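Starting off with a structure, shown below.
Any read-out appearing in this document is the output of simple, stated calculations on the displayed coordinates, not a laboratory observation. Predicted, not measured: the structure shown is a model, and the values here were computed from it. Because the Cβ atoms are built from the backbone with ideal geometry, glycine has one as well, and the counts that use them run over all protein chains shown.
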Amino acid sequence: MFLSKIWFFLIALAAAIALTIALVMPRPAQRQHIEDEHNRLALACGVVNVALTDDARNRVELASSFARAQEVVSALESASNTEKLDEARMKQVRDVGEKLMQGISGRKPDFAMLIDKRGRVVARIKLDENDFGDYASGRPLVDDALNGYLRDDLWAQNGTMYFVSAAPAIKRDPPVAYVGAVVLGHKVTNDLAQQLVSTLSVDLGFYLGADDVAGSKTLALDKTKMQSAVAALKGDRMTDCTAGRPIDLHTKNDEYTTLVARLPGEAQMRQAYYAVMIKKPTVIGFASTLKVVSKSDLSFGNFPWYIVGGLFVLSLAFGIGLMWVEADRPLRRLAADAVRLAKGDKERLSEDEHGGKFGSIARSVNIHIDKLGRDAKSARTNLDSLLGPAPEGGLGTIDLLAGALPASRPGGPGPSTPPPPSDFKFNDPGKAIPTPPPMAAPRPTPPPMAAQSRPNQAARPGTPPPMPPATPPRGTATPPPAALPVNAPPPKDAFGLDDDILGSGVGDPEATAMVDPYFKSVYDQFVSVKQSCGEATSGLTYQKFSEKLIKNRDDLMSKTGCKEVRFTVYVKDGKAALKATPVKDE
Amino acid sequence: MLRAILAWLVLLPVAGAAHAAPPTSLTGKLELPAPPGRPALAVKGFLDRAENQLAPVKPLAPTNQMIVVVEGADKPVSPPQVVIDLLGETFSRRVIAAPAGAEVVIKNPSKTARLLTAAEDPKLIPQGPINPSGSKSFRIEEPGKVYTIGDKDAPHLKVKIVTINTPYYAYPDETGHFAIENIPPGSYKLKIWYGDGWIERPDDVVDVGAKGKTEFNPKVAAGAFTPGKK
């Protein structure tokens, strides 16, 4: 069994390793999945930045076109030469601007400012339209435009963010001169956010510090974490998407992985940033992995079924082989040995033929057989002490082994040869004298057949023929001898060697009155045989005889578990002897 | 008593003659080096600024950040009020000189309320916003002290107030011309402020004559506009 145990250990170890791998393998996959999601976020973040940059280029171009319009240049030139701006001029310039705004195709600006060369706002369109005359110069975007530069910026005002662009208004007729600037503003809206991420499968939000500005989806996210992430960003803004680390945020129902990036321009001073977010990937555990296994994953093309099946068959065959060699075959051998023992083909199990635990079993069985022998010897000693030593003509010996066998049993009759010498084989069956049929304690039994059916006994030469069984009629009780004195019965425990049946004790009147026909017949046979052998029978009384037989019968029944005991009278060494035979089955 | 009256009668014409002396002035033109290049954008948008294709961009005009100051024995006794206009997104000047002890008044003719504070002394300006058409005034005392006034919500909106120990100063125009009127005759040290500090110059002594205009053309060395070389 040692190799089988080793094999089972190896199988269990392999199973544990396989289970560990199965449980651990999803983790690297999960990490890779998260890393992929982060890369996707960084990519989307970069794409948004590129899209916003492209949008800025288009907006600057639009501002440049707007500022080149001759009506605008003329209006601003005229306003620049005026010391004080009035409402009439403002309206005239505003009309010019509104017409140009209407002519813009595509995404129209949400406001426009026309500024003279002094930096004064001559007119506003679509936003604060009635305000004019204030100085817009001072803002870097306006100052640069007034100095001849094209550029863009981000402005934040009143909780709104604007992508602004500016261009100088230049009088191209000689002498070429700067006459002012045009500023266009595009509001950052939800539509813009949705448009920016329409093909990216992410969500986008624009924020000013803790305030939402716009987003592709309305999400109530924790701004504190995002602000902290923005504050941690250093260096060039263009590296935010790649240098920043995604953060986990959650709404009421969903968890998001978010990557933040700073927005440029003036609005950056107000902590303007945008955030690209995706729903946090589901944790892939062992069970989740199994859930997503598809048929194609288990196809022969994608899974090494042949290798797995082959290994399984090999493992199984090897394990069965080890089991057969170490368990099945020795067990069969032991079973066969036990059957031979049961059949009587052998007296003991062969301890040397069985190794390991099976050898221990054989030894244990043999030890028990020896114990039974010792018990039988003890029983015989008791019977001898009851009936007297056999050589002196007392009761004979007891063949327990032969008597334990059923009269009719599977496998045929009992062994024809005498059993080998053993502790519990202490008699020679000798010449059996048929006795009346055995009987259980409470009832009479049919006539015994075993003694007559044993050929070795019947065929033994030199022995007197068996006595015919004395079978008195059932149910007839022999009246107690009137000559016996009627005394109080002695206590059972009072019987000792002095109370031998050959002694002259006084019998129990009640017991004497209830004579058992079977015991009486045995008694008669015993007395008859003793007399025929020339032995004295004067001290032998039926009462003592039957009490001893009853006691002996009860002892045998309790020790062997038999249902009844058969007594046989026979001659041994020229003297009458008595054999008690336990009968298990009728 | 009689002697006192006679003495007063003798000195009265002298005092009258002094009051009637013609005002003198110090004028001149700053000899400026080539204008400095434009500094890099402090805040830029998604794109770098680009020059237009129709006309050359304007050069940087350093004079709008310059102050010409002459310091003599006279200290400002009762300096005049210094007024700064808040014109929407900018102040009337980027740098302002204020004699020590002068009252500075910031007026807001624009339509936007501003909350101004001095970076160097948050208590300098009275608390509260300067509403449209409103004003805030405060007094500066310590000569040599520089205050940077601004609105934290509009980082571009800044003005520097330079506290000087003289009532005589001027702001040069775009060409560099300046004029300090009503300056008493005497010897003065001429100093030029640019941007964030004084320009270090060797020719810093000017003698103002007793009559008429005194012409003096201070020369600003090359590299004076370079940060750290003043």
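Given a Förster distance of 41 angstrom, what is the FRET efficiency for B:Glu103 paired with B:Asp48, based on the Cβ-Cβ distance and rounded to 0.05?
Once rounded, the FRET efficiency stands at 0.40.
Here is a follow-up. Quote to one decimal, in nm, the extra length available between A:Arg329 and A:Lys91 on full extension: 0.36 nm per residue of separation minus the C-alpha distance between them.
Computed gain between A:Arg329 and A:Lys91 is 74.3 nm.
What nm distance separates the two modelled labels at B:Asp173 and B:Ala61, each placed 7 Å from Cα along Cα→Cβ?
Distance between the two pseudo-spin positions: 1.1 nm.
Scan around B:Ile164 for amide H atoms under 5 Å from its own, H built in the peptide plane at 1.01 Å from N, and keep only partners 5 or more places away or cross-chain.
The answer is B:Ala98, B:Ala100, B:Gly144.
So what is the relative contact order for the range A:178-264, in percent, with contacts set as C-alpha pairs under 8 Å and at least six apart? It would help to have the intermediate numbers written out before the result.
On the way: 102 pairs, mean separation 17.5, N = 87.
Reported relative contact order: 20 percent.
Can you pull the mean other chain C-beta count within 10 Å for peptide A:145-157?
5
Hey, another quick one. Counting only C-alpha contacts under 8 Å and six or more residues apart, can you give the relative contact order of chain B as a whole percent?
Averaging sequence separation for qualifying contacts and normalising by length gives 30 percent for chain B.
Using θ = phi - 60° and the Karplus curve 6.51 cos²θ - 1.76 cosθ + 1.60, what whole-Hz ³J(HN,Hα) does each residue of the range A:4-16 get, with Gly and Pro shown as x?
4, 5, 4, 5, 5, 4, 5, 5, 5, 5, 4, 5, 5
Still on this structure, I have one more. In this model, which of A:Lys343/A:Lys575; A:Lys187/A:Lys234; B:Lys58/B:Lys160; A:Lys357/A:Lys579 are farther than 32 Å apart at the alpha-carbon? Present the calculation step by step, with values, prior to reporting the outcome.
On the way: A:Lys343/A:Lys575 34 Å; A:Lys187/A:Lys234 27 Å; B:Lys58/B:Lys160 24 Å; A:Lys357/A:Lys579 40 Å.
Where the Cα-Cα span goes over 32 Å, the pairs concerned are A:Lys343/A:Lys575; A:Lys357/A:Lys579.
For the residues B:Trp193, A:Trp305, what sequence is obtained by ranking on other C-beta atoms within 10 Å, fewest first?
A:Trp305, B:Trp193
Across peptide B:88-96, what mean number of C-beta atoms from other chains lies inside 10 Å of a residue's C-beta?
Mean partner-chain Cβ count within 10 Å for B:88-96: 4.
Run the reach check for A:Lys291 against lysines, Cα to Cα strictly under 28 Å, same-chain hits fewer than 8 apart removed. What comes back?
Of all the lysines, those that pass the test against A:Lys291 - Cα under 28 Å, at least 8 places apart if same chain - are A:Lys252, A:Lys279, A:Lys280.
For A:Lys187 and A:Gln531, calculate 0.36 nm times their separation in residues minus their Cα-Cα distance, and state this gained length in nm to one decimal.
Once the chain is fully extended between A:Lys187 and A:Gln531, it gains 109.7 nm.
Can you figure out the FRET efficiency of B:Asp74 with A:Lys126, using R₀ = 56 Å and their beta-carbon distance, to the nearest 0.05?
After rounding to 0.05, the efficiency reads 0.50.
Please sort B:55-66, A:144-155 by packing, taking for each peptide the average over its residues of neighbouring beta carbons within 10 angstrom, highest first.
Going by the mean number of other Cβ atoms within 10 Å, highest first, we get A:144-155, B:55-66.
Calculate, for A:Ile21 and A:Val339, the FRET efficiency according to 1/(1 + (r/R0)^6) with r their C-beta to C-beta distance and R0 56 Å; round to the nearest 0.05.
Once the sixth-power term is evaluated, E becomes 0.70.
Would you mind telling me which residue in B:Ala113, B:Ala179, B:Ala42 has the biggest mean-square fluctuation in a Gaussian network model of chain B, where springs connect alpha carbons within a distance under 10 angstrom?
With Cα springs under 10 Å in chain B, the top fluctuation among B:Ala113, B:Ala179, B:Ala42 is at B:Ala42.
Moving on to the next point. In which sequence would B:Glu51, A:Glu266 go, from the one with the fewest C-beta neighbours within 10 Å to the one with the most?
Lowest count first: B:Glu51, A:Glu266.
A further question follows. At q = 0.18 Å⁻¹, what log₁₀ I(q)/I(0) does the range A:69-187 have when each alpha carbon counts as one equal point scatterer in the Debye sum?
For the range A:69-187 at q = 0.18 Å⁻¹, log10 I(q)/I(0) is -0.87.
Which net charge results for the neighbourhood of B:Thr175, defined as the other residues with beta-carbon distances under 13 angstrom from its beta-carbon, given Lys and Arg at +1 and Asp and Glu at -1?
So the surrounding residues net to -2.
Among all the aspartates and glutamates, which ones have a C-alpha under 17 Å from A:Lys584's C-alpha, if same-chain residues fewer than 8 places away are not counted?
A:Asp399, A:Asp554, A:Asp555, A:Glu564
I would also like to ask the following. Obtain the nm distance between the two label points defined at A:Phe300 and A:Ser201 by a simple spin-label model: each point lies 7 Å from its Cα along the Cα-to-C-beta direction.
It is 3.4 nm.
Consider all pairwise Cα distances in the range A:114-239 and report the whole-number % of them above 22 Å.
For the range A:114-239, the fraction of Cα-Cα distances above 22 Å is 51 percent.
Counting only Cα, what are the radius of gyration and maximum Cα-Cα distance Dmax of the range B:77-165, in Å?
12.0, 37
I've got another one for you. Under a 5 Å amide H to amide H cut-off, with H placed in plane at 1.01 Å, what residues pair with A:Phe111 once short-range neighbours are removed?
Residues meeting the amide H criterion: A:Gly185.
Same structure, new question: Using θ = phi - 60° and the Karplus curve 6.51 cos²θ - 1.76 cosθ + 1.60, what whole-Hz ³J(HN,Hα) does each residue of the range A:202-209 get, with Gly and Pro shown as x?
9, 10, 9, x, 10, 9, 10, x
On to the next question. Once amide H atoms are built 1.01 Å from N in the peptide plane, which residues 5 or more positions from B:Glu51, or in another chain, come under 5 Å H to H?
Amide H neighbours of B:Glu51, under 5 Å, 5+ apart: A:Leu150.
A follow-up question, please. From Cα pairs below 8 angstrom and at least 6 apart in sequence, can you work out the relative contact order of the range A:69-187, rounded to a whole percent?
That works out to 26 percent.
Per-residue mean of other chain beta-carbon atoms within 10 angstrom of the beta-carbon, peptide B:105-112?
Shielding by partners across B:105-112 averages 2.
Grab the Cα-Cα distance for A:Asn366 and A:Asp222, subtract it from 0.36 nm times how many residues apart they are, and report the gain in nm with one decimal.
43.5 nm is the gain from fully extending A:Asn366 to A:Asp222.
Between their Cα atoms, which of A:Lys217/A:Lys295; B:Lys29/B:Lys75; B:Lys158/B:Lys191; B:Lys145/B:Lys219 are more than 27 Å away from each other? Please report the intermediate quantities before stating the final value.
Details: A:Lys217/A:Lys295 37 Å; B:Lys29/B:Lys75 25 Å; B:Lys158/B:Lys191 23 Å; B:Lys145/B:Lys219 25 Å.
Going by Cα-Cα distance, A:Lys217/A:Lys295 fall outside the 27 Å limit.
Then there is this: Can you list the HN-Hα couplings for the range B:50-55, worked out from phi with the Karplus curve (6.51, -1.76, 1.60; θ = phi - 60°), rounded to whole Hz and with x for Gly and Pro?
Going residue by residue, I get 10, 6, 6, 9, 9, 8 Hz, with x marking Gly and Pro.
Going by average Cβ density within 10 Å per residue, which order do the peptides A:5-15, A:121-131 take, highest to lowest?
Ranking, from highest mean packing down: A:121-131, A:5-15.
Run the simple label-point estimate for B:Ser187 and B:Lys29 please: 7 Å along Cα→C-beta, distance reported in nm.
Reported label-point gap for B:Ser187 and B:Lys29 is 2.9 nm.
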